[in-house]
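The values are calculated or read from the model by the stated rules, or taken from the named source; none is laboratory data. Fair warning: this is a prediction, and the values are worked out from it, not measured in the lab. So basically every Cβ, Gly included, is an ideal-geometry build from the backbone, and we count neighbours across all protein chains shown.
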Amino acid sequence: MKRWYFLWCGWLALWLVLPALAAPAYGPLYSFSKQGRVHYLYGTMHVGRPGTDTPDWGLSQAMARSEALVLELDVDAPGAPAEVLALARQGAARQWRQLGPDSRRLLLAQLQRTGVEPDQARSLAPAMWLMQLTLNEYQRLGQATQEGSETMLLQMARRERRPLLALETTGEQGRMLFEMPAAALREWVRQTAEWQDKPEAERYYRDLIAAWERGDLPALQSMVALPGYPRLSAWTQREMLDRRNQAMARRIDEMAASRRLLVAVGALHLAGPQGLVKLLRQRGYQVTVAPRAP
């Protein structure tokens with residue numbers, strides 16, 4: 001159940017302060033400041049490979065200088081994983097009807113190839129299974145949720161006794177995913193089927209992972225620049241990135257008025273013309289790349 005929840009956090013996701021040379025820097029890290037208060041913005045990857053879940057000097061400093069860790073969701077909230085599964089069950093019948101016969105057959109065939117039988121598949125909303133299929137692609141490339149950035153940051157925050165704040169609720173993400181328009185859901189099924197086990201899909205995922213690992217926001221920006229990178233439908237670009245980014249920027253601004261923050265969200269939320277880097281600048285923050293070594 002915990003794996004499902006970290007996967008959920010990744011869509012719509014630390015131990016000690018080590019010497020700079022002991023841990024390479026992974027993921028884009030920025031500082032943003034206004035009125036003398038400095039905060040940090042970190043672009044996470046909700047999956048990772050062994051070795052990418054160790055904090056470098058810059059990320060360790062960001063946590064040490066912050067008063068709270070802010071994630072997309074409060075993954076420590078009591079009952080949160082159970083709430084995710086409950087929402088997926090509640091939305092199952094509606095979303096399976098939305099797919100129509102052709103998309104239903106396509107998704108069921110994909111799931112059967114992974115060992116999921118039709119009765120089991122119909123117990124959860126198709127959006128949940130589509131996220132699982134995406135996770136399968138990353139796992140095939142040696143990535144795993146337990147190596148993701150959020151796990152690392154949560155452990156580090158506990159050691160530093162930093163409170164955890166959330167930018168979104170499970171209900172907000174549930175409404176977005178399980179009430180998405182039928183056309184967007186069918187397009188997601190089609191794209192997933194077309195990319196499953198394809199060489200170009202593997203190249204794409206490897207490029208995405210490599211861009212994140214080296215903290216290359218311009219490369220990520222090129223993947224989400226309008227009219228969108230190949231894996232984004234117009235609805236996904238608008239609702240899962242652009243609209244959420246606007247709400248995230250507003251909530252970050254509200255939280256930042258009272259304490260120093262380390263904000264950690266999926267790296268794609270930082271990139272592009274509607275990304276958090278640009279939106280925070282529009283709100284009057286000075287946003288700069290944070291140092292990763294002394």
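What the table shows:
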{"quantity": "Per-region count, the range 249-294, residues farther than 22 Å from residue 163 by Cα, in a loop (DSSP other than H, G, I, E, B), at pLDDT 95 or above and of a type in the set (Lys, Arg)", "calculated": "1"}
{"quantity": "Sole exception among (1) buried (at least 17 other Cβ atoms within 10 Å of the Cβ); (2) within 17 Å of the chain's Cα centre (by Cα); (3) over 30 Å from residue 60 (Cβ atoms) for residue 186, by number", "calculated": "(2)"}
{"quantity": "Helices (runs of 4 or more DSSP H) enclosed by the range 21-124 - at least 1 residues per element that are within 26 Å of residue 241 (Cα to Cα)", "calculated": "57-64, 80-90, 92-113"}
{"quantity": "Qualifying residue in the range 107-115 (condition: surrounded by fewer than 19 Cβ atoms within 10 Å (Cβ to Cβ), touching a helix residue (DSSP H, G or I) at 6+ places or on another chain (Cβ under 7 Å) and among the β-branched types (Val, Ile, Thr))", "calculated": "yes"}
{"quantity": "Some residue of the range 21-41 being on the phi > 0 side of the Ramachandran plot, crowded, with 20+ Cβ neighbours inside 10 Å and modelled with pLDDT of 75 or more", "calculated": "yes"}
{"quantity": "Tally of residues being under 17 Å from the mean Cα position of the chain (by Cα) and part of a helix (DSSP H, G or I) across the range 147-166", "calculated": "7"}
{"quantity": "Options 95, 155: the member that is closer than 21 Å to residue 173 by Cα, surrounded by 13 or more Cβ atoms within 10 Å (Cβ to Cβ) and polar (S, T, N, Q)", "calculated": "95"}
